[in-house]
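Q: Please see the structure below; I have some questions.
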Amino acid sequence: MSVKFISHRGESLDAPENTIPAFALSLERKSDGMECDIYLTADKYLVCNHDGNTFRVSGEKVDADVNKTTFADLQKIDVSNGKPGFVNTHIPLWKDTLAYLGDREYYVEIKRGDVSVVPVLIEQMDESGIPQKQFTMISFGDEVVKAYKEAAPERRALLLIGGEPTVTAEEAIERLKACKADGLDLRGSDNVDQEYVDKIHAAGYTLDIWTVDDPEKAKRFIDYGVEGLTSNCAAELKNIFA
């Protein structure tokens with residue numbers, strides 16, 4: 001199986017992360033898919049932002065908690081984060097990012113272990129008319145993955161695991177079994193080697209790696225046979241290796 005190159009928060013080296021320009025750039029550059037992070041606002045709009053607040057992405061100018069702020073108030077915040085040419089870029093509604101998906105894959109991360117996001121996300125996926133095979137829900141929250149698979153067992157969900165060094169393959173497999181995940185989305189740590197990848201595959205799970213920008217490191221994981229690489233410059237890596 002050929003590896004997929006997924007644009008991390010869109011093509012976020014060149015455009016503000018988790019914004020329409022970043023997602024649009026990923027489509028223009030023809031990466032294999034895009035990844036985002038989602039929260040519910042205070043008035044229950046599903047929006048894209050990585051941190052639980054706006055401090056970093058606003059260039060440390062506005063510190064608003066996404067869960068406690070209305071969508072209208074979030075729209076007053078410039079999240080271009082100092083990238084030239086993107087002044088007055090704002091946090092988007094998740095459903096508005098779908099216009100830039102095309103026929104590619106979309107990795108959607110539910111943040112803060114917020115199980116309440118699960119039904120909202122599933123409803124908006126259904127309303128989109130986009131084939132469900134294009135969506136993969138990802139989360140660091142074991143309970144989020146479990147809730148998603150219980151609500152939509154036919155849909156793909158990956159458990160995110162980070163840390164340096166990362167957990168052992170055996171520990172990862174036990175967690176995957178418990179939350180009924182379809183696969184693992186793993187930090188590309190140094191202790192992840194061919195044996196590690198083989199153990200995950202032998203247990204019947206897929207394995208994606210995040211977040212890899214260095215071509216030499218990317219090649220190592222590609223040679224191990226992982227299914228996907230999430231990268232801030234996914235299109236560039238695709239051009240190198242695909």
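Q: Just name the residue that is surrounded by the fewest Cβ atoms within 10 Å (Cβ to Cβ) out of those in the range 93-116 that are among the basic types (Lys, Arg) and within 19 Å of ALA42 (Cβ to Cβ). Walk me through how you get there before you give the answer.
A: Taking the range 93-116 and keeping what is among the basic types (Lys, Arg), we get 95, 104, 111-112.
Filter once more, keeping what is within 19 Å of ALA42 (Cβ to Cβ): 95, 111-112.
Values: LYS95: 14, LYS111: 20, ARG112: 17.
Checking each candidate, the answer is LYS95.
Q: So which of ASP14, ASP51, ASP43 ends up being under 15 Å from the mean Cα position of the chain (by Cα) and among the acidic types (Asp, Glu)?
A: On the way: ASP14 fails: under 15 Å from the mean Cα position of the chain (by Cα); ASP43 fails: under 15 Å from the mean Cα position of the chain (by Cα).
The unique qualifying residue is ASP51.
Q: Considering the range 18-54 alone, what residues qualify as being among the basic types (Lys, Arg) and not in a loop (DSSP other than H, G, I, E, B)?
A: Result: ARG29, single match.
Q: Please determine whether any residue of the range 140-155 is touching a helix residue (DSSP H, G or I) at 6+ places or on another chain (Cβ under 8 Å), assigned to a strand (DSSP E or B), open to solvent by less than 10 Å² (accessible area, probe 1.4 Å) and in contact (Cβ under 8 Å) with a residue 12 or more places away in the chain.
A: Going through the range 140-155, the residues touching a helix residue (DSSP H, G or I) at 6+ places or on another chain (Cβ under 8 Å) turn out to be 142-149, 151-152, 154-155.
Now drop any that are not assigned to a strand (DSSP E or B), which leaves none.
So far as the range 140-155 goes, no, none of its residues is touching a helix residue (DSSP H, G or I) at 6+ places or on another chain (Cβ under 8 Å), assigned to a strand (DSSP E or B), open to solvent by less than 10 Å² (accessible area, probe 1.4 Å) and in contact (Cβ under 8 Å) with a residue 12 or more places away in the chain.
Q: Return the only residue of ALA172, ALA181, ALA235 being assigned to a loop (DSSP other than H, G, I, E, B), touching a residue at least 24 places away in the same chain (Cβ under 8 Å) and either in contact with a strand residue (DSSP E or B) (Cβ under 9 Å, 6 or more places away or on another chain) or among the hydroxyl-bearing types (Ser, Thr, Tyr) (or both).
A: Answer to the check: ALA181.
Conditions (1) at pLDDT 95 or above; (2) under 24 Å from GLU17 (Cα atoms); (3) not hydroxyl-bearing (Ser, Thr, Tyr), marked per residue:
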| position | (1), (2), (3) |
| --- | --- |
| ALA151 | yes, no, yes |
| ILE173 | yes, no, yes |
| LYS180 | yes, no, yes |
| ASP185 | yes, yes, yes |
| HIS201 | yes, no, yes |
| GLY204 | yes, no, yes |
| ARG220 | yes, no, yes |
| THR230 | yes, yes, no |
| CYS233 | yes, yes, yes |
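Q: Would you call PHE55 touching a helix residue (DSSP H, G or I) at 6+ places or on another chain (Cβ under 9 Å) and either under 24 Å from THR69 (Cβ atoms) or modelled with pLDDT of 95 or more (or both)? Give the steps one after another, and end with the answer.
A: On the way: touching a helix residue (DSSP H, G or I) at 6+ places or on another chain (Cβ under 9 Å): no; either under 24 Å from THR69 (Cβ atoms) or modelled with pLDDT of 95 or more (or both): yes.
Criteria not met by PHE55.
The values are calculated or read from the model by the stated rules, or taken from the named source; none is laboratory data. This is a predicted model, so every value here is computed, not measured. Here the Cβ is made from the backbone with ideal geometry for all residues, glycine too, and neighbour counts use every protein chain on show. The area values use the complete protein model at the heavy-atom level, side chains included, leaving out ligands, DNA and RNA. Shrake-Rupley method; radii C 1.70, N 1.55, O 1.52, S 1.80 Å.
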